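Below you'll find the structure I mean.
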Amino acid sequence: MGNDRNKPGNPVFSASTGYTDLVNLGRAPHQHHGFINIPVYHGSTVLFPTAKAFIEYKQEYTYTRAGTPTSRNFEKSMAGLEGGYGTILCPSGLNAITTSLLAFLKSGDHLLMVDSVYQATRRFCEMFLCNLDIETTYYDPLIGGDIGRLVKPNTKVIFTESPGSQTMEVQDLPAICKIAHQHEIVVITDNTWATSVYYDVLKLGVDISVQAVTKYIGGHADLMMGVATAGGERHFATLKSAHKLQGLYVGGDDINLAARGLRTLRLRLERHMENGIAIAEWLRTRSEIEEVLHPALAGNPGHDIWKRDFDGAGSLFSVRLKPYSDDAVFAMLDHLECFGIGESWGSFESLVLPFNPSTYRTVNVWPDEGYSLRFYIGLENPEDLIADLKAGFEVLNSYEA
C-alpha cells in the first residue's frame, strides 16, 4: 500500500511551514473583489441557473455541506500546511479522529491502538467500535518496529499519538509505518501536540494526520474544530467518502476563526515552545518533582527520537510528583492564580490538571499511586508563571507539614 502523497497532479503547494506560507496559505483575494481574507459564506441552499444545470450537477458549489468558498480554501490551507493531498473539516478534534477510524475500519477488522492515547479516543474504541465487532488491541507506545508481532491478518489500522497524551511517550513513527505498509495497514496519527509546523508526520510515512484545530491552530479558546489530512489521493477518497456519508459540516464562522489563527500559528508556537521549555527546566530543579516528562529536554525518555523527527515542541508536558496526599495536591492547584484548571489547551492561557493514568492504562504499569500534573504553558511571562508555581509549592509543602 505505502504512502502515496504528493503524486504528480496532487493539488498541494509548498509543504514548508515558514512565515510566508502561513501568511499566504489558502488566500485568493482576486477571486473575492480583492479582500485579503476569504469571506464567510452563510447559507444552506445553493441555486442553479437552469433545470439542466441542476440535473447535471456539475457547477463548483452545489450544496453547502459539500463545500463553500470559506471551507474549500481552509481545506486547501491545511492540505498545504501538512504537505498532503486533501483535508476534511470536522466539528471537533475527536470527531476528526472517529471519522478517520470509521473510514478505514469495518465489522470484523482489528485495530492497533497506542496505550497512551487521548482518553476520549480510548472510550470510542471501548464503547462504540466494540459494538461494530471491531477488535482493539492496545500496544506499548515505545514498541517501535516490534509492533509487527501484534499484527493480525485482519489488522487494518494502526493509530499513533506522539507524544502520548499525559504521559508524553515519543513513538518511532518511521519504524511503525514501515511495518504497517508491509501489511497494507493504514497509519493514523493524532498530531495535535506539535502540529505539522514542527512534526511532518506524512513525510515520516503516516497516511492520515489528525489535528484538533480547537487547540494551537485556533489559538484563542473560542472554537471547536478538527481536521484530518490524507497523504495520498487513494486514502483521501476513502476519508472524504466517510465524511460525506456522515453529513459532517463546520460552520463558516468557526472556519473563519481557524483561518485567522493559522496566520500567526508559527509565531505563537515559537513563544509556546520557549515558555514551555523554560518552565519545564525550572521544574526539574524542584525537590517536589520526581520527573519532568518533556520530550525536548535532554535526557528525557524519547528525547533522541524527538530530536530526530521533530522540528520543535509544543508546550504541553507532565510532571511526576513525589508522594503527596491528594488533599495537598488539590490545595496547591487551587492556590495557583496564573494557571487555570481545565482539560483543553492550545490557547494563550496556561493550564494545569491532576491525572493518574493507572486508572485507564492497560499495557504499561504507571509507577505512581498518587496524582501527577499535566501543564500547558501559555503566552504569559515565564517569570510570572514561576512565581505562581513557587507559591503553589509552598502550599503543597505546608499542607504536608
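For every residue, the table says whether it meets (1) touching a residue at least 60 places away in the same chain (Cβ under 8 Å); (2) in contact with a Ser or Thr (Cβ under 7 Å, 6 or more places away or on another chain); (3) among the acidic types (Asp, Glu); (4) surrounded by 12 or more Cβ atoms within 10 Å (Cβ to Cβ).
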{"position": "Thr45", "(1), (2), (3), (4)": "no, no, no, no"}
{"position": "Ile55", "(1), (2), (3), (4)": "no, no, no, no"}
{"position": "Thr68", "(1), (2), (3), (4)": "yes, no, no, yes"}
{"position": "Ser71", "(1), (2), (3), (4)": "yes, no, no, yes"}
{"position": "Met78", "(1), (2), (3), (4)": "yes, yes, no, yes"}
{"position": "Thr98", "(1), (2), (3), (4)": "no, no, no, yes"}
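Which is crowded, with 17+ Cβ neighbours inside 10 Å, over 29 Å from Thr264 (Cβ atoms) and not hydrophobic (A, V, I, L, M, F, W, C), of Arg374, Arg361?
Among Arg374, Arg361, only Arg361 is crowded, with 17+ Cβ neighbours inside 10 Å, over 29 Å from Thr264 (Cβ atoms) and not hydrophobic (A, V, I, L, M, F, W, C).
Check Asp172 against each of (1) touching a helix residue (DSSP H, G or I) at 6+ places or on another chain (Cβ under 6 Å); (2) of a type in the set (D, E, K, R); (3) buried (at least 24 other Cβ atoms within 10 Å of the Cβ) and name the one condition it does not meet.
Every listed condition holds for Asp172 apart from (3).
Same structure again: Residues to consider are Asp368, Asp311, Asp326; find the one that is touching a residue at least 40 places away in the same chain (Cβ under 8 Å) and within 14 Å of Leu293 (Cβ to Cβ).
Only one candidate qualifies: Asp368.
Could you grab the pairs with beta carbons closer than 8 Å, sequence gap of 6+ or different chains, first residue in region 339-351 and free of Cβ contacts under 8 Å to residues at least 40 places away in the same chain, second one in a strand (DSSP E or B) and of a type in the set (Phe, Trp, Tyr)?
Short answer, once both residue conditions are applied: Ser350/Phe375; Ser350/Tyr376; Leu351/Phe375; Leu351/Tyr376.
Collect the residues in region 341-358 that are under 22 Å from Leu396 (Cα atoms), surrounded by 14 or more Cβ atoms within 10 Å (Cβ to Cβ) and either modelled with pLDDT under 95 or out of contact with any helix residue (DSSP H, G or I) (no Cβ under 7 Å at 6 or more places or on another chain) (or both), keeping them in residue-number order.
Answer for region 341-358, where residues must be under 22 Å from Leu396 (Cα atoms), surrounded by 14 or more Cβ atoms within 10 Å (Cβ to Cβ) and either modelled with pLDDT under 95 or out of contact with any helix residue (DSSP H, G or I) (no Cβ under 7 Å at 6 or more places or on another chain) (or both): Leu351, Leu353, Phe355, Asn356, Pro357.
Residues Ala103, Ala96, Ala53, Ala79: which one is out of contact with any strand residue (DSSP E or B) (no Cβ under 9 Å at 6 or more places or on another chain), modelled with pLDDT of 90 or more, part of a helix (DSSP H, G or I) and assigned by TED's automatic domain parsing to the domain that holds Glu161?
Only one candidate passes the filter, namely Ala53.
Looking at the structure I just gave you, is Ile217 within 26 Å of Leu297 (Cα to Cα), modelled with pLDDT of 95 or more and in the same structural domain as Val250 (by TED's automatic domain parsing)?
Yes.
Rundown of residues vs (1) surrounded by fewer than 23 Cβ atoms within 10 Å (Cβ to Cβ); (2) free of Cβ contacts under 8 Å to residues at least 60 places away in the same chain; (3) out of contact with any helix residue (DSSP H, G or I) (no Cβ under 6 Å at 6 or more places or on another chain); (4) part of a loop (DSSP other than H, G, I, E, B), yes/no style:
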| position | (1), (2), (3), (4) |
| --- | --- |
| Ala120 | yes, yes, no, no |
| Phe124 | yes, yes, no, no |
| Asn131 | yes, yes, yes, no |
| Thr136 | yes, yes, no, no |
| Gly145 | yes, yes, no, no |
| Arg149 | yes, yes, yes, no |
| Pro153 | yes, yes, yes, yes |
| Ile158 | no, yes, no, no |
| Gly164 | no, yes, yes, yes |
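Next question, about the same structure. Are any residues in region 362-401 over 20 Å from the mean Cα position of the chain (by Cα) and basic (Lys, Arg), and if so, which ones?
Scanning region 362-401 gives a single hit, Lys390.
The values are calculated or read from the model by the stated rules, or taken from the named source; none is laboratory data. On a predicted model such as this, the values are computed, not experimentally measured, just so you know. Don't worry about glycine lacking a Cβ; one is built from the backbone with ideal geometry, like all the others, and counts go over all protein chains shown.
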